[in-house]
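*Asks:* Attaching a single structure in structure tokens format; questions to follow.
The values are calculated or read from the model by the stated rules, or taken from the named source; none is laboratory data. Just so we're clear, the structure is a prediction, and the values are computed from it rather than from any experiment. Heads up, the Cβs are rebuilt from the backbone with ideal geometry, glycines too, and the neighbour counts pull from every protein chain shown. For accessibility, only protein heavy atoms count, side chains too; no ligands or nucleic acids. Shrake-Rupley method; radii C 1.70, N 1.55, O 1.52, S 1.80 Å.
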Amino acid sequence: MTDCIFCKIVNGDIPSSTIYEDDVVKAFLDLSQTTPGHTLVIPKKHVADIFAYDDELASAVFARIPKIARAIKASNPHIIGMNIVNNNGEIAEQTVFHSHFHLIPRYDNNDDFSIHFGDHSDQYNANELNQMAANIKKHLEE
Ligand code: 5GP
Ligand code: ZN
């Protein structure tokens, strides 16, 4: 895609601090450096978001994430955890529409990353959860 900033990074038209690349993925430091070592892993093929992956691309991309995560962790003894975040759609705060996975090393409770999972477990009984699951399940593709 000619006007995609991450395709330009893949093609070398825009420089990036690359830590890993092969025929399928490129991993490079996110300019924002939410925490030190914040890295993006992207498929070299342009896909907009998680909904556009086929099984083969998903397998190949996900297979590469653990070793990149381990390398980031090994690079700094102060890294004690990592959030892996994948935003899909504007509502989910996706700003670059070439799919990517954020690898965000975690240092302590005061580093500059936070995530909030609301807890609404008191609003659903088992029957309602089962109905919701069944509704999603019927849309699974073979
Ligand atoms: P999103 O908000 O779409 O999940 O994340 C997009 C990320 O891309 C942001 O964290 C932003 O800092 C990063 N980003 C945007 N443009 C560039 C760029 O030109 N180079 C690098 N390395 N990161 C970028
Ligand atoms: Zn692209």
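*Asks:* If you go through segment 77-113, how many residues are farther than 13 Å from Pro36 by Cβ and either open to solvent by less than 100 Å² (accessible area, probe 1.4 Å) or touching a residue at least 40 places away in the same chain (Cβ under 8 Å) (or both)?
*Replies:* Of the residues in segment 77-113, 17 are farther than 13 Å from Pro36 by Cβ and either open to solvent by less than 100 Å² (accessible area, probe 1.4 Å) or touching a residue at least 40 places away in the same chain (Cβ under 8 Å) (or both).
*Asks:* Okay, next question. Of Leu129, Leu140, which residue is out of contact with any Ser or Thr (no Cβ under 9 Å at 6 or more places or on another chain) and assigned to a loop (DSSP other than H, G, I, E, B)?
*Replies:* Result: Leu140 is the single residue among Leu129, Leu140 that is out of contact with any Ser or Thr (no Cβ under 9 Å at 6 or more places or on another chain) and assigned to a loop (DSSP other than H, G, I, E, B).
*Asks:* Just to verify a result, which residue in segment 1-47, among those that are open to solvent by less than 70 Å² (accessible area, probe 1.4 Å) and among the acidic types (Asp, Glu), is farthest from ligand 2 (Cβ to nearest atom)?
*Replies:* Asp22
*Asks:* Hand me the list of strands (runs of 3 or more DSSP E) wholly inside segment 1-110 holding 3 or more residues that are within 11 Å of ligand 1 (Cβ to nearest atom).
*Replies:* 25-29, 39-43, 101-106
*Asks:* Also, quick follow-up: Quick one: what pairs do we get from segment 1-24, first residue within 28 Å of Ala74 (Cα to Cα), second open to solvent by 70 Å² or more (accessible area, probe 1.4 Å) and within 13 Å of ligand 2 (Cβ to nearest atom), C-beta under 6 Å, 6+ apart or different chains?
*Replies:* From residues that are within 28 Å of Ala74 (Cα to Cα), the pairs are Ile14/Lys8.
*Asks:* Within segment 120-129, identify whether any single residue is under 30 Å from Met1 (Cβ atoms) and either out of contact with any helix residue (DSSP H, G or I) (no Cβ under 7 Å at 6 or more places or on another chain) or open to solvent by 100 Å² or more (accessible area, probe 1.4 Å) (or both), and answer yes or no.
*Replies:* No: zero hits.
*Asks:* Mind listing whichever residues of segment 36-80 are of a type in the set (Val, Ile, Thr) and over 23 Å from Met1 (Cα atoms)?
*Replies:* Selection gives Ile65, Ile68, Ile72, Ile79, Ile80.
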